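Below is one structure, written out as structure tokens; comments come after it.
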Amino acid sequence: MENGATFVIVGAGLAGAKAAQTLREEGFGGQVILLGEEPDRPYERPPLSKGLLLGTTPRRDVYVHDAGWYEANNVDLRTATRVTGIDRAARHVVLDDGERLGYDKLLLTAGSTPRSLDVPGADLDGVWSLRTLADSDRIADALTEHAHLVVIGAGWIGLEIAAAARQHGAAVTVVETADLPLQRVLGDEVARVFADLHRRHDVTFHFGVGVRQLRGTGRVSSVLLTDGTQLAADTVVVGVGIQPNVQLAEAAGLKVDNGIVTDARLLTSDPHIYAAGDVANAYHPLLGRHIRVEHWANALNGGPAAARSMLGQQVEYARLPYFFSDQYDLGMEYSGWVDDYDRVVFRGDPAVVDGTAPEFMAFWVKDGRVLAGMNANVWDVTDQIQALVRAGHGGRAVDLATLSDPRVPLGDLLG
Ligand SMILES: Cc1cc2nc3c(=O)[nH]c(=O)nc-3n(C[C@H](O)[C@H](O)[C@H](O)COP(=O)(O)OP(=O)(O)OC[C@H]3O[C@@H](n4cnc5c(N)ncnc54)[C@H](O)[C@@H]3O)c2cc1C
């Protein structure tokens, strides 16, 4: 059936584009239709808050494939095309112009959408979130040395925008309800490193406080905090998290719970429908639970894994969650998954000495087992960190004194 089959992919982001590529690389000869509501062909989002804002990444470098790749590979890419429904009984997707497309197998890679702020003034001009190329363009235009930027939410994207804005000379204030940036993801020990990093670059933080109102006439001019503080602002970027685009799946009656629920093959509760990338809450065999991963590497690898699964190959998607970030002179990678830890072990000194960026690793440990590891300004150690994390989640403890000792190669820890 395969060569006469039609595989439809909903969501022309990284996961969807990489899935289409894998279908062709694996020799699938049927029809591949890739549907995306954005006007652009698939692109990667990490540069949107880094190189595109800094002006160091040319726009042509953000695309997943050259413009001619889709036609050359017989992938029917339809941009500016929104899917409005899935008819599971008929195995059709319905497009916004009413067209119905039949599928033999369907992949949902619909990604996610930034959460908005539910306060008066959130719709003022100059109050933006960052998800698309268009968002990045208008934020980039606003980041001049005279700008007053208020970032709401000290997560990865908010902090990266803060860093880019400071590098343009803008005045930057970050507002966060928690006590530290990235506190929920990293815990206090490593979150403090990021607070220090941004303070060193003259970012002002307001922690433990929310936003009551955004004020202005037409365009935002100030932000009123819940403690009564008023901050001057000509641009506000809201980075308070994302929610998976599950509406289509929900309306079609697929199992949804913090994302579209899949097994380790990335198969949903419908035997003809798969999901990958930000939108999927996939069973992770090593962690023994479902996880939804909102990171680039999961789209890069999950899309292809789903494609192979659609082709009937034996797939068990067991990649460790991995992400990276770049802020000022600190580049980092993180591998693993932590629900609960009892200590953080540092290898190297996370403190800034004489203005030099720190080089260190940090490990989140429970009962001597490494559950996650981060390398900051230290490179080519991801494989070794991931080996430690896999062993840790598999139940194996390591000697923590050795773990913290930079003189002992990481590879020696597992014997
Ligand atoms: C600014 C920014 C910076 C980031 N930086 C990093 C980083 O440094 N490191 C890292 O690990 N991760 C980073 N990420 C996260 C990473 O980019 C995402 O995890 C990744 O883009 C997810 O890919 P995806 O293909 O699953 O979804 P998306 O990239 O969201 O693509 C989904 C696509 O589906 C489309 N769509 C949705 N519904 C429909 C529909 N009904 N019909 C048609 N099309 C539809 C959407 O419009 C979208 O184009 C960043 C994200 C952003 C926004």
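The values are calculated or read from the model by the stated rules, or taken from the named source; none is laboratory data. All figures in this text were calculated on a predicted structure; none of them were measured in a lab. All Cβ positions, glycine included, derive from the backbone under ideal geometry; neighbour counts span all protein chains shown. Remember, those area values only see protein heavy atoms, side chains included, never the ligands or the DNA or RNA. Shrake-Rupley method; radii C 1.70, N 1.55, O 1.52, S 1.80 Å.
Values as computed for the structure displayed
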quantity	calculated
Calculated [θ] (222 nm, deg cm²/dmol) that DSSP helices of n ≥ 4 give over the chain, each run adding -39,500 (n - 2.57)	-6500 deg cm²/dmol
Partners for Lys255 among lysines (Cα-Cα distance below 20 Å; same-chain residues under 8 apart left out)	Lys105
Most fluctuating residue given options Leu77, Leu95, Leu149, as computed from a GNM of the chain linking Cα atoms under 10 Å	Leu95
Counting DSSP beta bridges with both ends in segment 1-150, the antiparallel % (nearest 5)	40 percent
Cα pair distances in segment 280-346, grouped into 5 Å bins until the bin that holds the longest one, percent each	3, 14, 21, 22, 17, 11, 7, 4, 1
Segment 335-415, accessible area per residue, ligands and nucleic acids excluded (1.4 Å, Å²)	48 Å²
Gyration tensor verdict on the chain (Cα atoms; rounded if a/c is under 1.5, prolate if a/b is larger than b/c, oblate otherwise)	oblate
Zone of Asp125's modelled label, taken as backbone nitrogen in segment 225-245 under 19 Å from a point 7 Å along Cα→Cβ	233-238
Local electrostatic count, His146, Cβ distance below 14 Å [Lys/Arg +1, Asp/Glu -1]	-2
Linear extension gain, Ala80 paired with Lys255, 0.36 nm per residue minus alpha-carbon span	60.3 nm
At least 27 Å along the helix axis (C-alpha) and Kyte average at least 1.0, DSSP helices within the chain	none
Summed side-chain charge close to Asp123 - residues other than Asp123 whose Cβ falls under 14 Å, Lys, Arg +1, Asp, Glu -1	0
Fraction of accessible area attributable to carbon and sulfur, the chain (%, probe 1.4 Å)	45 percent
